[in-house]
1. Restricting the stretch 50-65 to residues that are over 19 Å from Asp12 (Cα atoms) and out of contact with any helix residue (DSSP H, G or I) (no Cβ under 9 Å at 6 or more places or on another chain), which is surrounded by the fewest Cβ atoms within 10 Å (Cβ to Cβ)?
2. For the stretch 48-89, how many residues meet the condition of being more than 13 Å from the chain's Cα centre (by Cα), free of Cβ contacts under 8 Å to residues at least 12 places away in the same chain and over 14 Å from Ala25 (Cβ atoms)?
3. Mind counting the residues in the stretch 18-56 that are of a type in the set (Gly, Ala, Ser) and more than 18 Å from Val93 (Cα to Cα)?
4. Residue under question is Asp12, and the condition is that it be surrounded by fewer than 17 Cβ atoms within 10 Å (Cβ to Cβ), modelled with pLDDT under 95 and in contact with a Ser or Thr (Cβ under 9 Å, 6 or more places away or on another chain); does it hold?
Amino acid sequence: MGILGTMVESDDDLAAMAKALGHPARIQILRFLADRETCVTSEVVDELPLAQSTVSEHLRILREAGLVQGEIDGPRTRYCINPTRLAALKMAVDSL
């Protein structure tokens, strides 16, 4: 039962996205990705004072919430923001 249409399907869905944003490093990752079309994990690691495994975990959480998309490119994964999902989150928050 979409709060706001296509991408936010329930209050639980909105809560999951909000929870994914509940860590400052994940906010930083989203900001970093917003400035690029795509990037690989190592580029995010170079930008943040975090271990590669920590960055990978944060990216996993963002991906599970649908805020980030990952595409396998050989031995690497390229990440980008999911603009449709982010727009739906913005609309859902505005409707509160």
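The values are calculated or read from the model by the stated rules, or taken from the named source; none is laboratory data. Small disclaimer: the values here were computed from a predicted structure and weren't measured. No Cβ is skipped: glycine too gets one built from the backbone with ideal geometry, and neighbour counts run over all protein chains shown.
1. Looking at the filtered set, the residue picked out is Ser53.
2. Within the stretch 48-89, residues that are more than 13 Å from the chain's Cα centre (by Cα), free of Cβ contacts under 8 Å to residues at least 12 places away in the same chain and over 14 Å from Ala25 (Cβ atoms) number 3.
3. Adding up the residues that qualify gives 6.
4. When the stated conditions are applied, Asp12 does not pass them.
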